[in-house]
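The values are calculated or read from the model by the stated rules, or taken from the named source; none is laboratory data. Computed from a prediction, not measured in an experiment: that's the story for all the values here. Neighbour counts are summed over all protein chains in view; Cβ atoms, including those assigned to glycine, are modelled from backbone coordinates with ideal geometry.
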Amino acid sequence: MFRSFFIWLSKLDWAQKMIMRWGLAWRAASRFIAGETPEDAIRVIRELNTRGIQTSLDHLGENTVRPEDAVQATSDILELLDKIKLSGVQSNISVKLTQIGLALGDELCKENLNRILKKAQTLGNFIRLDMEESQFTDNTLYLYRYFRSIGFNNVGIVIQAYFYRSRQDILSLAEIKTRVRLCKGAYQEPSKLAYPKKKDVDANYEQLANILLDEALSIGINDRIVDPIFPPIPAIATHDTNRIRQVKDYALKIGLAPQLFEFQMLYGIRRDLQEELVKQGYRVRVYVPYGTRWYPYFMRRLAERPANVWFFLSNYFRK
Ligand code: FDA
């Protein structure tokens with residue numbers, strides 16, 4: 001109920017206008033967002049890199065409704081790739097396909113993604129396709145497979161453990177050695193598509209993580225393995241200490257070296273855990289969002305944890 005309410009709120013224009021006008025909202029959101037400009041984000045990344053943490057940079061934006069805005073977002077991402085290269089920080093990029101036109105048709109999005117992947121390839125960078133709501137799952141998978149089939153290896157995808165279909169998706173993506181980020185899923189989905197209960201999502205997460213770890217073991221070491229920009233096949237994206245413990249235990253049990261998988265977390269969440277994992281010798285990558293279109297991202301972070309909302313509201317009433 002709580003979660004659905006904030007995800008519903010994340011889609012409302014009037015709520016966005018109202019909430020983004022409060023200075024306090026930005027103050028609360030900035031816990032999860034690295035700043036408004038690429039320079040802010042690069043500063044944050046540099047600091048994370050010095051602590052042994054890799055990153056994936058997200059130029060915030062989604063559900064673009066005008067083709068010219070999708071083209072502009074694409075140009076911004078191309079510039080960002082140059083900025084990463086010039087600054088020398090170690091970061092790849094995460095992209096939401098609806099930001100570059102997926103909701104406006106496959107062709108526009110394909111053209112934009114083609115430009116991004118080509119540029120990333122030239123600069124030796126990697127693009128992760130974030131996964132959005134179920135209405136976009138098939139098209140996102142289609143575009144991922146299309147670009148792999150024409151020779152782009154610098155692209156990976158996200159699988160959401162809350163979907164019943166995800167096991168099948170992971171097994172078939174394994175046939176083309178896909179770099180998968182496994183997360184629980186951040187949207188509101190109907191029970192005919194997704195497990196409604198958290199305990200079932202957690203159980204599925206565990207099973208899917210094991211499949212990815214087995215796959216990483218069977219592929220073994222390749223020359224990209226120590227590359228800080230290219231992620232290994234399994235990227236375990238969660239802050240859930242039970243899931244993290246289970247992944248560590250399973251990797252140990254099957255003899256999978258820690259360089260062959262990585263943990264991923266969101267900027268502003270469980271920094272202590274990120275540092276602890278690095279100290280223990282695991283690879284950690286932090287997802288670093290920046291930009292002015294932070295409203296839906298922030299609402300999803302509130303939806304995930306009631307304590308975030310109480311913190312936000314108590315500060316509002318204290319001012
Ligand atoms: P869970 O929700 O069970 O939380 C476990 C613990 O983590 C909590 O007890 C709390 O301590 C901490 N925590 C979790 N969320 C928090 C928050 N918002 N604020 C403070 N603490 C919090 N989703 C998606 O649908 N598509 C995608 O492409 C991605 N991409 C992605 C990248 C990366 C790097 C991460 C880490 C996550 C995503 N997600 C995502 C989001 C993901 O689906 C999920 O919504 C969140 O990670 C929260 O779930 P947890 O796995 O952390 O578990």
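Residue count for the range 42-69 under the criterion of being charged (D, E, K, R) and assigned to a strand (DSSP E or B): the result is 1.
Applying the criterion of being charged (D, E, K, R) and more than 10 Å from the ligand (Cβ to nearest atom) to the residues of the range 280-298, the residue that is modelled with the highest pLDDT is 283. Selection of the range 147-192 for residues being in contact with a Phe, Trp or Tyr (Cβ under 6 Å, 6 or more places away or on another chain), part of a loop (DSSP other than H, G, I, E, B) and either of a type in the set (A, V, I, L, M) or not assigned by TED's automatic domain parsing to the domain that holds residue 247 (or both) yields only 161.
Residue count for the range 222-279 satisfying the condition of being touching a residue at least 60 places away in the same chain (Cβ under 8 Å), within 12 Å of the ligand (Cβ to nearest atom) and part of a helix (DSSP H, G or I): 1.
Screening the range 121-156 for residues that are of a type in the set (D, E, K, R) and within 13 Å of the ligand (Cβ to nearest atom) and picking the one that is surrounded by the most Cβ atoms within 10 Å (Cβ to Cβ) gives 128. Among the residues of the range 169-208, the ones that are within 16 Å of residue 239 (Cα to Cα) and within 11 Å of the ligand (Cβ to nearest atom) come to 11 in all.
Take residue 227 and tell me if it is surrounded by fewer than 21 Cβ atoms within 10 Å (Cβ to Cβ) and at pLDDT below 95. Walk me through how you get there before you give the answer.
Details: surrounded by fewer than 21 Cβ atoms within 10 Å (Cβ to Cβ): yes; at pLDDT below 95: yes.
So residue 227 fits the description; yes.
Scanning the range 299-319 for residues that are within 10 Å of the ligand (Cβ to nearest atom), modelled with pLDDT of 90 or more and of a type outside the set (D, E, K, R) returns 302, 303. Name the residues in the range 32-81 that are among the hydroxyl-bearing types (Ser, Thr, Tyr), surrounded by 16 or more Cβ atoms within 10 Å (Cβ to Cβ) and closer than 23 Å to residue 231 by Cα, would you? Across the range 32-81, the qualifying residues are 55, 56, 74. Count, please, the residues in the range 70-100 that happen to be away from the ligand (no atom under 16 Å from the Cβ), outside any helix (DSSP H, G or I) and of a type in the set (A, V, I, L, M). So the answer is 1. Within the range 257-270, being modelled with pLDDT of 95 or more and of a type outside the set (Phe, Trp, Tyr) holds for 262, 264, 265, 266, 268, 269, 270.
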